[in-house]
Structure formats: C-alpha cells, structure tokens
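Notes for the one structure printed next.
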Amino acid sequence: MSQVKDALWTKAFVLDTLINFLVFLIYYLLIVIIAVVAKDTLHATASQAGLAVGIYIIGTVVARLLAGRFISNLGCRKMLYMGLIIYLVSTVLYFYTPSLAILDSVRFLNGFAYGITSTATSTIIAAIIPMSRRGEGINYYGLSTSLAAAVGPFLGILMLHTMGYDFIIAFCVALVILCIIGAMSMKFKEPELKIESEAHKGIRISDYLEPRMNSISLVSVLVGFAYSGVIGFMAAYTRDLDLIMAGTFFFVVYAVVITVTRPLLGIVFDMKGENFVLYPCFLSLALGILLLSVAHSTWVVLLSAVFVGLGYGTFMSNGQAVTVKIVPVHRIGVATSTYFIALDMGLGFGPYILGGVKEVVGYSSMFQLTAVVALVALGAYYFFYGRYVGTDKDLSLRARAEEEEIKSMKLCEEKAK
C-alpha cells in the first residue's frame, strides 16, 4: 500500500515563496542600476559607485546577525512584518537621494530590511514544510530566488533605458506593498523558537550565530567567494572578450538550469542524502568557472553557465536544507541567519579581494584561482561534515535528540503543574 505524502503546496507555502520572490526581485532589480545612477546623476567615481552597491550587503549582514536572535524572541510573523515595513520605507527613500552619502545610507537601510525579511521568510518556510519533504520543499522555495536572479537584472536594465529611475522605484514600492498584503494573508503555525530556562538567559555569541553551523558556514564562505568572481566580473570579462551577448545570457541560462534541476535534486536530497547531491555540486562549480577562464566563444560561456548553475545554484538551496537538518527546531532562525551571513560574506568581500588579484594576474588566472577555491570547499565539506553523515557523529542525530529532550522537559513541566 502506497504511503500518502504530507501536503507541501499549502497556501502558506505558496505565499511565503511568492513574498521571497518579490523581495529578491527588488534586490536584483536595483543592484544592476545603482552604479549607473550613482555615476550619471551623482557623478560618483567607480569606487564610490561600487560602495553604493556593496554597502547593501553590509546592511544585510548586520540584519542577519540581529535577526537570528530576535526572531527567536519576537517570532517569525512579527519579524516578517517589521522587515517589510522597513523595506517599504527604505525603498520610498530612493526617491530622495541628492548626495552619495544619502544614497549609501538608503542602500544600507534597504539591505538591512532585506536581511530581516529574507531571514524571516526562510525561517517560516523551514517551519511549514513537512519533515519528510524538506529537501524537495526548500528546493521549490529556492526557485523563487533563481527566477528573481534572472528576471530582476533584465527588468532593471530594460526599465532604466525605457521608463527611467523614478518609475523603477515606484514599481519596487508597489511590489513591497504586495508583499505586505501577502504576509497579512498568510496563515501558519508559529514555530516555537524560544526556550524559557535559566540556562538560556543572558547574551551570548550563540544568540546571534549558531555554533553547530561552523562546518557549513566555512563551506558557505568558500562557495560564495568562488561564485563572487562570476557575478562581480562577468560583464567586464565578456566585454573584454567581445562576447557581450554571451555575458548577458549567462545568467538566463544559469536560472533556467536551476529552475529545471532544483525540484529533482530536492527529491534526491530526501531520498539519497546530502552527500549524494553536494559532492557533485562542488565539482560542477569548479568546472564551470574553469570553462569560463578559458572561454573564447559564446557556446563555452553558456556551457559554463550550465555547470555554474548546477554548482552554486544547487549549493544555495541544498546548503539551506542541510542547515535546517542539523539544528533543533528552536534554533532554525539563528541557523538560517548564520548560513546566509556566511554566503553574504563570501559574496560581499570576494569581489574586493579578487579585484586586486585580477590587476596582478588577469581575468583568466583569477577565475582559475576561484575554481581552486571551489575544490577547497569540497575538501572542507568532506573533512568537517560529509564524512560524518550517516554515522553516530551525524549532527542531525544530535539535533533530533535535543528536540526529544526538550519535548520531554516540557511534558514533565506540564505534568508538574
């Protein structure tokens, strides 16, 4: 007799995924136009324009550090509302950016709001997906990010040349309002992320960063660093190669690959385990970047996009699935925040470091270096996490045992009352 699957496509799942899509759409839509706007309207230098783009990530990291703790105290719903309200206000403020200082301040606040909101949506999705379909569900949820990564830059560039800056900001404001309406319509059982006991009082590093995430965090920083070379220098690299159209369609191919493969890989994750999915993804990322380093034709650039999509795209969603797996439910908020902080650090600081490397050795050698970093990430994953999967040192076993212990404590407390 066939076993009935737990429901995945609930109203809450769909709404949370759509909110995440719109939040990321705004992020990608704005990130491709800010440097142009800073240069054209505020006469910024290249480094000043780069700061206007990068300071967003600093705001995001600060938000994730705080969100990990406060989501446990306030709950997912309140954090989502707070993040969206700040997102709305900071997006409206883009209408008034008469100087670089004000633009940088608005970008920081906008990134802060994005960090809070995306942490809340990721924590909510982890709580509402059935345990038996966690890998599959998170991969479907991850499609919202990959689709936004393809649609956002395309819309941003198109609107900038046809509609203008003010129309783009108005459009983004309307999208945030839709997110708020969706959040108010979303009904879900608030996950219990807070534990009341003497042992959990006070302020500690673990209130902001999840210690059990150390291994995955290291891997995430390395993977983010490797991929940062692609997103940071793709346009300039393909322009030097006279392959501008290939560079334009790179991220479209990347998004299509992720869209097609993520649902299947989510099912494989649930059936075969994380190692079966993640080991090939590191190799794929390294191969994709290596192909890019030697590309001299359009088809090689687009083939590179296929492997980079299978690599980084696979890690993004399945790394999050591992994050949810290795911590007890009351730590999901902090763990999710820690995971994205690590990715953001790799993505945010990578271009600054790699830009200096490029000046010394050139684009090809720079990309080859990041391909090596992807292989280092594979080694780090194996030594610090992968080899323990399925053994008595498996972190997921400890997480489940801790959940059972907490349930037993609560049951004893209820009986004692």
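The values are calculated or read from the model by the stated rules, or taken from the named source; none is laboratory data. Only a predicted model underlies this, so the values are computations on that prediction, with no experimental measurement involved. Every residue, glycine among them, receives a Cβ derived from its backbone with ideal geometry; neighbour counts consider all protein chains shown.
Any residue that is in a helix (DSSP H, G or I), within 18 Å of the chain's Cα centre (by Cα) and either surrounded by fewer than 22 Cβ atoms within 10 Å (Cβ to Cβ) or among the charged types (D, E, K, R) (or both) - is there at least one of those in region 290-299?
Within region 290-299, none of the residues are in a helix (DSSP H, G or I), within 18 Å of the chain's Cα centre (by Cα) and either surrounded by fewer than 22 Cβ atoms within 10 Å (Cβ to Cβ) or among the charged types (D, E, K, R) (or both).
Is it true that L285 is closer than 30 Å to G390 by Cα, in the same structural domain as V376 (by TED's automatic domain parsing), modelled with pLDDT of 85 or more and buried (at least 16 other Cβ atoms within 10 Å of the Cβ)?
Here the answer is yes, as L285 does meet what is asked.
Which of the residues belonging to region 261-289 are without any contact (Cβ under 8 Å) to a residue 40 or more places away in the chain and either in contact with a Leu (Cβ under 7 Å, 6 or more places away or on another chain) or of a type in the set (D, E) (or both)?
Hits for region 261-289 are C281, S284.
Only residues that are surrounded by fewer than 21 Cβ atoms within 10 Å (Cβ to Cβ) and of a type in the set (D, E): list them for region 134-186, please.
D166, the sole residue that qualifies.
Per-residue answers, yes or no, for (1) over 29 Å from L51 (Cβ atoms); (2) among the aliphatic types (A, V, I, L, M):
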site: L302; (1), (2): yes, yes
site: L310; (1), (2): yes, yes
site: P351; (1), (2): no, no
site: F383; (1), (2): yes, no
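Kindly list the number of the only condition in (1) under 24 Å from the mean Cα position of the chain (by Cα); (2) under 27 Å from A52 (Cα atoms) that fails for E359.
Condition (1) is where E359 drops out.
State all residues of region 118-137 that are among the aliphatic types (A, V, I, L, M) and either in a loop (DSSP other than H, G, I, E, B) or modelled with pLDDT of 90 or more (or both); if no residue qualifies, say none.
I129
Conditions tested, residue by residue: (1) in a helix (DSSP H, G or I); (2) crowded, with 24+ Cβ neighbours inside 10 Å; (3) touching a His at 6+ places or on another chain (Cβ under 8 Å).
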| site | (1), (2), (3) |
| --- | --- |
| M82 | yes, no, no |
| I85 | yes, no, no |
| L88 | yes, no, no |
| V92 | yes, no, no |
| T97 | no, no, no |
| L103 | yes, yes, no |
| R107 | yes, yes, no |
| A113 | yes, yes, no |
| I116 | yes, yes, no |
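When only residues in region 326-343 that are of a type outside the set (V, I, T) and surrounded by 22 or more Cβ atoms within 10 Å (Cβ to Cβ) count, which is farthest from the chain's Cα centre (by Cα)?
So, considering only residues that are of a type outside the set (V, I, T) and surrounded by 22 or more Cβ atoms within 10 Å (Cβ to Cβ), the one farthest from the chain's Cα centre (by Cα) is R331.
Here is a check on your reading of the model: is A52 among the small types (G, A, S), farther than 20 Å from Y339 by Cβ and either surrounded by fewer than 17 Cβ atoms within 10 Å (Cβ to Cβ) or in contact (Cβ under 8 Å) with a residue 12 or more places away in the chain (or both)?
The answer is yes for A52.
Of the numbered conditions (1) buried (at least 21 other Cβ atoms within 10 Å of the Cβ); (2) modelled with pLDDT of 95 or more, M316 satisfies every one except a single condition; which is it?
Status for M316: all satisfied but (2).
This table checks each residue for (1) out of contact with any Ser or Thr (no Cβ under 9 Å at 6 or more places or on another chain); (2) modelled with pLDDT under 90; (3) in a helix (DSSP H, G or I); (4) not assigned by TED's automatic domain parsing to the domain that holds Y339.
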residue: G152; (1), (2), (3), (4): yes, yes, yes, yes
residue: A174; (1), (2), (3), (4): yes, no, yes, yes
residue: E196; (1), (2), (3), (4): yes, yes, no, yes
residue: G202; (1), (2), (3), (4): yes, yes, no, yes
residue: A235; (1), (2), (3), (4): no, yes, yes, no
residue: T238; (1), (2), (3), (4): no, yes, yes, no
residue: V252; (1), (2), (3), (4): yes, yes, yes, no
residue: V260; (1), (2), (3), (4): yes, yes, yes, no
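Six or more apart or on different chains, Cβ atoms under 8 Å: show the pairs whose first residue is in region 227-248 and crowded, with 17+ Cβ neighbours inside 10 Å and whose second is of a type in the set (D, E, K, R).
F233/K358; G247/R239
Residue-by-condition table, conditions (1) at pLDDT below 90; (2) of a type in the set (F, W, Y); (3) more than 23 Å from the chain's Cα centre (by Cα):
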{"residue": "Y363", "(1), (2), (3)": "yes, yes, yes"}
{"residue": "Y382", "(1), (2), (3)": "no, yes, no"}
{"residue": "K393", "(1), (2), (3)": "yes, no, yes"}
{"residue": "R400", "(1), (2), (3)": "yes, no, yes"}
{"residue": "E413", "(1), (2), (3)": "yes, no, yes"}
{"residue": "K417", "(1), (2), (3)": "yes, no, yes"}
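Look through region 67-76, keep the residues that are out of contact with any Ser or Thr (no Cβ under 8 Å at 6 or more places or on another chain) and surrounded by 17 or more Cβ atoms within 10 Å (Cβ to Cβ), and return whichever of them is modelled with the highest pLDDT.
Among them, the one singled out is G75.
Go through (1) touching an Asp or Glu at 6+ places or on another chain (Cβ under 6 Å); (2) within 29 Å of V253 (Cβ to Cβ); (3) of a type in the set (A, V, I, L, M, F, W, C) one by one and return the number of the condition M366 breaks.
(1)
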